[in-house]
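The values are calculated or read from the model by the stated rules, or taken from the named source; none is laboratory data. On a predicted model such as this, the values are computed, not experimentally measured, just so you know. Note that we place each Cβ from the backbone using ideal geometry, even for glycine, and neighbour counts take in every protein chain shown. Surface accessibility is based on the protein's heavy atoms, side chains included, excluding ligands, DNA and RNA. Shrake-Rupley method; radii C 1.70, N 1.55, O 1.52, S 1.80 Å.
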Amino acid sequence: MTSNEAVHNTTIPETMRAAVLRDPEVGLEVEIIRTPRPKNGEVLIKVAACGLCHSDLHVIGGAIAFPLPAVLGHEVTGTIVELGPGNEHTGLKVGQNVAGGFLMPCGQCEACAAGHDELCGPFFGLNRLQGLLYDGTTRLATLEDDPIYMYSMGGLAEYAVIPSTSVAPVPDALDLVPGAILGCAAMTGYGAVRRGADLRFGETVAVVATGGVGTNIVQVARAFGASQVIAIDVSDDKLAPMPGYGATAVVNSVTQDAREEVLKLTGGKGVDVAFEALGIPATWKTALDVLADGGRMVPIGLGAGVQTAQVEINRTVRRSQKILGSYGARTRQDLPAVVDLAARGVINYKDVVSRRFPLEEAGTGYEALRNREIQGRAVVDMSL
Ligand SMILES: [Zn+2]
Ligand SMILES: [Zn+2]
């Protein structure tokens, strides 16, 4: 192929189904819209599944401003059906199964040059603020050609265009439906452990809030050699499966005093690293309360809009504690690593997915997520 030609098979339909958000009061509704086509440095995938994540929930509920109408959904798997031009050096092929990461780095800015995909300015400026891709337009449109904006790749649809920088090939043996969680829940968990905490063998860990991301942090922390992984949540139901993912102890912070329990479990010291995976003041407090002297608190849960948490000044200062925000991961380096961990069975991605919804019921799935009824992660399975 030459650099000006797109490569595709001929079965791409003119229109597709997508869950569109037009009004936070109404929520998601499935519409027939134009099937997107990839431009330079992009691929088109036929979506196999898309995970339901809290960050979408903030947009659906109107807590985080985003241009509407929009298609959300930012952790996907699928099969490449078309390559846009400019993919000569990506090694990507039509027919290949891939995972798509929610952070879609431009690959050209200063942050990207330094390997900091998670700090890519153009990504935030164009996609997260305006719902666009790197040519300054969206790939999605109504049948009347009115624009529909994209939160990441707009994965809650039958087809999705993704910049080639944020897809990672997956082996055929990888189960694509639960595999959807690799692109956000698992990648964010990996990023928190590998990048945020830079966890070392033998360190002790607490994970506060054991939903989709928290469950993955438990698994990755154990894989990185944490000597203790203490899972903390407000729900016994969410804590029950944690030992199966590698937690060495579980603490219910409603019925138990989390600080006392963690001190007891760690010989009075507290943990070297406390991960916070929900983004509310209460979970920040718990994570800071269980931290050892010199410990690192790694928050990865996004708050609803402009939210603040309290930090005890003297404890943080006098005990040399660090607060190390961690957003996602470095898509191009870390997503392939996460795929590899999943493929080799080091992290269990299948059991994390407890609910599967058809596209028509995506709104119901998010409602269950809002009501904290989802164990681990729910996904939209496009085959249902
Ligand atoms: Zn997410
Ligand atoms: Zn960039």
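Values for this structure:
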item: With Cα atoms, 0 to 90° folded angle of helix 331-343 axis to the chain main axis; result: 80
item: Lysine pair number, Cα distance threshold 27 Å (strictly under), the chain, separation 8 or more or different chains; result: 13
item: Efficiency of FRET from Cβ geometry, Thr11 and Ile32, R₀ 25 Å, rounded to 0.05; result: 0.90
item: Relative packing of peptides 79-91, 306-318 - highest average C-beta neighbours within 10 Å first; result: 79-91, 306-318
item: Computed magnitude of the charge dipole of the chain (debye, nearest 20; Cβ of K, R +1, Cβ of D, E -1); result: 1140
item: Taking all pairs of distinct alpha-carbon atoms in segment 253-384, Kirkwood radius in angstrom; result: 17.5
item: For the chain: accessible area per residue (Å², 1.4 Å); result: 40
item: Computed lengthening from Asp23 to His116, 0.36 nm per intervening residue step minus Cα-Cα distance; result: 30.1 nm
item: Nitroxide proxy distance, nm - points 7 Å out along Cα→Cβ at Glu312 and Gln256; result: 2.0
item: Rounded to 5, percent antiparallel among DSSP beta bridges of the chain; result: 60
item: Convex hull volume per residue for the chain, taking Cα atoms only, in Å³; result: 129
item: Most mobile of Pro178, Pro241, Pro299 in a GNM of the chain (Cα contacts under 10 Å); result: Pro241
item: Relative contact order [Cα under 8 Å, 6+ residues apart], the chain, whole percent; result: 19
item: Carbon/sulfur fraction of accessible area - the chain, other protein chains in place, 1.4 Å, %; result: 50
item: Euclidean distance between Cα centres, segment 178-201 to segment 211-260, Å; result: 15
item: Two-site FRET efficiency, Ser235 against Arg319, from Cβ-Cβ distance with R₀ of 30 Å, rounded to 0.05; result: 0.50
item: log₁₀ of I(q)/I(0) at q = 0.16, 0.18, 0.22 Å⁻¹ - segment 187-323, Debye sum with one point per alpha carbon; result: -0.71, -0.91, -1.43
